[in-house]
Every structure is written in structure tokens, then in C-alpha cells.
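Here is the structure we will look at.
The values are calculated or read from the model by the stated rules, or taken from the named source; none is laboratory data. For clarity, every value in this text was computed on a predicted model and none was experimentally measured. Cβ placement follows ideal geometry from the backbone for every residue including glycine, while neighbour counts extend to all protein chains displayed.
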Amino acid sequence: MIRILTVALMLAVFAPLSVEAVEPNEILRDPALEARARVVGKELRCVVCQNQSIDDSNAELAGDMRVLVRERITAGDSNKEVLDYMVDRYGDYVLLNPPFKAATLVLWIGPAAIAVLGLFWVAMMFRRRKSTDGKSEISTSGPQSTPLSDDERRRLDELLKEDSA
Amino acid sequence: MKRFLYVIPLMVLLVVGGFAILQLKQVSDGKSVNILPSVLINREVPPFDLAPIQGYEKGFGSKDLLGQVTIVNLFGSWCVACQVEHPFLMKIKEQGLVPIYGIDWREKNPDAGPKWLAKYGDPYTLIGDDPNSKAAIAFGVTGAPESFIVDQKGVIRYKQIGPITPDVWESTLWPLIQELRKI
């Protein structure tokens, strides 16, 4: 029950975030064309809001860009032609998905490369730990633990005795 | 070797911190950092033809720019920073330094632009009305004011984001305009 309530609450809180900003008067009559406009709109960045698509943004400029996308689609442009038109004016920045090319190589490869390096490092640590584990027979709590010498044992006993006295 | 591994995070931090400090320094030097380089530099002005604003006879289109070095200035009566640069544009007009063409961007009321110009003065040779961002998007504009220096052949040579200040004018815009006139 609580789980269902939690899910319901989360839906209630987060669902509005995905609501689109497309205005009713912008929507094209032809559902096929409108569907394409939505696809294109989700790929275009609202240039005044940094990290929203024009479909998600309430900014006036985003609204004008949505209308422009629809005009060009109605005029017979392909999706790619519409995107190219925007890139032509705003640069790659206007695409929410930056294209894969030399200048964006680090952006695309970087995280994956760091993840692979990290996994490699963790794997190395585990292998090293395992090999030391196998060698030390007396080890109890960990690979680095060495048993107390007789001297140390005696001192420990004394200290414990003092404490309880 | 192992010691060296422990230094790596520190080095990464230093590099990232270094970039952060460089950026901050640019801000404190008064340079705007978040500037998108315009892809339109050294390309022809996108074709457009705007209707006149209310009470004006002529609109403004890309063809009007041919034959001389010009400034295309995008403004709006709603734009606070435009008010800041406006007196300087008036000065450029009064001294006859270079013709300025205006794009009146996204006025909610058709009489807002003309009223604003009546109040603060009209520095523009021609003005086009751009209520739906047609020209603004064609120019790849993200906010007002933005100004473009266009050469005799109608090629965009410079994009100024934000107000034209006396500083920018002296250091960048005016030298560039004089340079372009020699071509």
C-alpha cells in the first residue's frame, strides 16, 4: 500500500515536468506533420534557456521557433532539412544531441573512457587483494592483519586486567 | 609509482580549478564568457523582408544593405539593455559615422516600438517589424540587443552580443568598419 502511494506521489510530483509547452494554436491540422514537428522540436535547444528543448520551453523565442519548424515542415522540408536550417544559424549548440565529430570527441568518448579506466582500476585492486588473501594463512580479518607477537599479547593482557581492576 | 597515483586526483582538481579561475578572470575583466560564436560570420546576410513598423512608410529587407558598410541592430521597446545603448546609437547617427538599420523584435503592441523611438529618438535609416522572430531566428539571435556589422556585399563580418558601448565601439567596431570601407 505504502509503495503504491509512494509511486503515486512521485508521479504526481514529476509528471508535470514532462508536460510540453506547445500551444494549442501552434498545432498543425495534419497529425502526421505535427508528429514530425514534435520529433524535430525535441531535438532543438531553446537557445535562451540553455537546457530545454523548444517543445518544453515557454520562452517566446522557443514558441517562435516551434512555429518556424512547423512552417518549414508544411512547406515540404524533411526533418533533417529543418534541423540543418537551425544549425546553419545557431551552430551545433542548437542541437540537444551534439553531433559526433572531432570537436565533440571528448564529450562523447570521455565519460565512457573514464568508466572503463575506473572498472579496470577496481578489477586490479580486487585481483591484488585476492592474491595476498591466498598467501597469508593466519590472516583473520583482512589481508594486512598479522598475528600479535607473544610480547604484544602479554601487554594486551596486562592492559585488559588494569581496565577491569 | 603508487605515490604518484595518489597525486592524480589533486592534479585533476588543479586543472579544473585553473579553468574555473580563467573563466572568472574573464568575467572580472568585463568580457562576456557565455558567448556563442556566430556561425554566420563571413556569410551573406540571410534573405529577409520585413514590413514597416506602425506609422513608418518603409520596411527593411536584406537587399537594403548592399553597397555600403552598415550596422544591423536588433532592438525592442521591452529590452532594457537596448535603452542603455540607445544614446550611443543616437550619437553615431548624429555624427553620421555609419548607417544603422533596425529590426524591431517581438513587440507585443504594434505601437510600442514607434512610441519608444518617439521618446528616445530614432537612430535608424530603415526599420523592419519582426513580431514573430522571423529575422531574429534567421540571424541566429538569442537576445536583444544584438548588432551585426555587414560589409558592402552584404556579408556579415561581426556580431556584437549585448549593448554597443563606447569601449566596444572604439576598440572593435569602429576600426573594423574603417577597415571594411577600404575593401
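Consider B:Lys63 carefully, then state whether it is away from every other protein chain (no Cβ under 14 Å), within 18 Å of the chain's Cα centre (by Cα) and either at pLDDT below 90 or in a helix (DSSP H, G or I) (or both). No, not satisfied.
Out of (1) on the phi > 0 side of the Ramachandran plot; (2) touching a strand residue (DSSP E or B) at 6+ places or on another chain (Cβ under 8 Å), the odd one out for A:Gln50 is which? For A:Gln50, the exception is condition (2). Screening A:Glu43 against (1) acidic (Asp, Glu); (2) within 13 Å of another protein chain (Cβ to nearest Cβ); (3) farther than 15 Å from B:Asn132 by Cα leaves a single unmet condition, (2). The residues of the range A:52-66 that are of a type outside the set (Asp, Glu) and either touching a residue at least 12 places away in the same chain (Cβ under 8 Å) or at the interface with chain B (Cβ under 10 Å from one of its Cβ atoms) (or both), listed by number, are A:Ser53, A:Ile54, A:Ser57, A:Asn58, A:Ala59, A:Leu61, A:Ala62, A:Gly63, A:Met65, A:Arg66. Can you confirm whether A:Val87 is surrounded by 13 or more Cβ atoms within 10 Å (Cβ to Cβ), within 13 Å of another protein chain (Cβ to nearest Cβ), more than 14 Å from A:Arg45 (Cα to Cα) and modelled with pLDDT of 90 or more? When the stated conditions are applied, A:Val87 does not pass them. State yes or no: is B:Gly140 buried (at least 17 other Cβ atoms within 10 Å of the Cβ) and within 14 Å of chain A (Cβ to nearest Cβ)? In short, yes.
Yes/no matrix, rows are residues, columns are (1) crowded, with 23+ Cβ neighbours inside 10 Å; (2) of a type in the set (Asp, Glu); (3) without any contact (Cβ under 8 Å) to a residue 12 or more places away in the chain:
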{"residue": "B:Trp78", "(1), (2), (3)": "no, no, no"}
{"residue": "B:Asp111", "(1), (2), (3)": "no, yes, no"}
{"residue": "B:Ala118", "(1), (2), (3)": "no, no, yes"}
{"residue": "B:Asp129", "(1), (2), (3)": "yes, yes, no"}
{"residue": "B:Ser133", "(1), (2), (3)": "no, no, no"}
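Residue check: is B:Ile8 modelled with pLDDT under 95, loosely packed, with under 12 Cβ neighbours inside 10 Å and not small (Gly, Ala, Ser)? Considered against the rule, which asks whether it is modelled with pLDDT under 95, loosely packed, with under 12 Cβ neighbours inside 10 Å and not small (Gly, Ala, Ser), B:Ile8 comes out as yes.
Here the condition is being touching an Asp or Glu at 6+ places or on another chain (Cβ under 8 Å), of a type in the set (A, V, I, L, M) and in the same structural domain as B:Trp174 (by TED's automatic domain parsing); of B:Leu65, B:Leu50, B:Leu117, it holds for B:Leu50 alone. The residues listed here are B:Arg106, B:Arg43; of these, the one that is more than 18 Å from B:Asp151 (Cα to Cα), within 14 Å of chain A (Cβ to nearest Cβ) and either surrounded by 10 or more Cβ atoms within 10 Å (Cβ to Cβ) or modelled with pLDDT of 90 or more (or both) is B:Arg106. The set of residues from the range A:59-102 being touching a helix residue (DSSP H, G or I) at 6+ places or on another chain (Cβ under 8 Å) and of a type in the set (Gly, Ala, Ser) comprises just one member, A:Gly63.
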